[in-house]
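A short write-up of the structure that comes next.
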């Protein structure tokens, strides 16, 4: 009987195969490519008003004691990149392809987005081969870097030009990253089913090349140069329509139009310069005298819906609920750390433990910028459904009867349901792909997907089975 390959053996096999195909780069070379020379501030020279790279690492109060309490510390890296040396061999050091003003990695301080990083977990040798095949055959856009993070890959798409992180661009950029995650993490590139894929925002931090992977000191995070930098226009061609980012200016309402439509907002924000954010009035309007009700409710939802693939996002959401409810940072940190043993008990995949380090990194979300984090975004990130109450005070049975009556009136009869299912002859995706390929044998996966209106992984799936 063949022996099962261990995670550490698999890590080495991946590195050996990638080295034969691509160029392995140093941490300095990687971050110099992410943040080109001259793009960051200069240490000690306040006249150079530019943002900086900031990474977060955990430090033990007693470095010699592995059980000693850990705390998070931010390090600012200037244009010379000398500050990266502190992350070399670090047990836990994370950052994002974002430059920041100030001293903290928060959405409010974010200045430029230099790329997208997709966290692809559950990658064995078969999955790695499929990932490379899909890249080579234009099913997926070619990444700039593949980072061997231990159990999976960090797939980096660096941009030819950075995008200024105006607030109105956060949503469309997050949508585009969501779409990229959906196509990169598919049934062939990960042994974790797509339904459990993790969706992360553009500010998400990832383990840094040169720091330790979850496998330990002898297994650092390694970077391989796999392609050139890309553009938003190129990435748009691969994702479904609802995730595409159009011209950035379409998301910005002209100031004169905003002045006419929202005079109170214009007076407060533009004339008076008030930049404060309006939070949900949770305690006063929704939960009476209990300011912790919504916060406690989310902990209960976590208890019912957390699993191996969503634990980080569950904690990040707990932090956003703390902001919504005006709960101080010390309390939510204490509560989150108390949840670590239970969350870790949900581990399904070996060496994918949930630790205190994950909690500290999630505190990127402790920022007023997330005060109005939407229910839709929470559901997408955590995979925990949240029931809406839109019955306007009606009992559910009465509400259902009313909705059925409205449908019947709009359709002119009571037979509005399609009881026959799919019309005969409409064909399955498999049949449509096979027919199109037979008629157009030279068509690429991209062309077939575009003509049939299906995703590239779907086309790839059925062509592979032919």
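Values quoted throughout were computed directly from the atomic coordinates according to the rules given, and no laboratory measurement underlies them. Note that this is a predicted model, so its numbers are computed, not measured. Glycine also receives a Cβ, built like all others from the backbone with ideal geometry; neighbour counts cover every protein chain displayed.
Annotations for the structure displayed:
- Counting beta carbons within 10 Å around each of 91, 161, 387 and listing the fewest first gives the order 387, 161, 91.
- Between residue 328 and residue 348, residue separation times 0.36 nm minus the direct Cα-Cα distance comes to 4.0 nm.
- Modelled spin-label separation between residue 19 and residue 133, with each label point placed 7 Å from Cα along the Cα-to-Cβ direction: 2.6 nm.
- Across region 8-248, C-alpha contacts under 8 Å between residues 6 or more apart give a mean separation that, scaled by the residue count, equals a relative contact order of 24 percent.
- Under the shape rule built on the C-alpha gyration tensor, where the axes satisfy a ≥ b ≥ c, region 8-248 is oblate, since a/c reaches at least 1.5 while a/b does not exceed b/c.
- By the count of neighbouring beta-carbon atoms within 10 Å, fewest first, 386, 448, 118 end up ordered 386, 448, 118.
- Legend: calculated FRET efficiency, residue 108 to residue 430, from the Cβ-Cβ distance at R0 = 45 Å, rounded to 0.05, equals 0.40.
- Of the two radii for region 27-129, the radius of gyration is 1.03 times the Kirkwood radius, both from the alpha carbons; that is the Rg over Rh value.
- Sites residue 260 and residue 46, calculated FRET efficiency, Cβ-Cβ separation with R0 35 Å, nearest 0.05: 0.30
- Label positions at residue 229 and residue 167, each projected 7 Å from the Cα along the C-beta direction, are separated by 2.9 nm.
- With neighbour counts taken as other beta-carbon atoms within 10 Å, the residues 462, 114 rank, fewest first, as 462, 114.
- Two-site label geometry, residue 337 and residue 267: point separation in nm, points 7 Å out along Cα→Cβ: 4.7 nm
- Three-way shape call for region 197-245 based on the alpha-carbon gyration tensor, with the a/c threshold at 1.5: prolate
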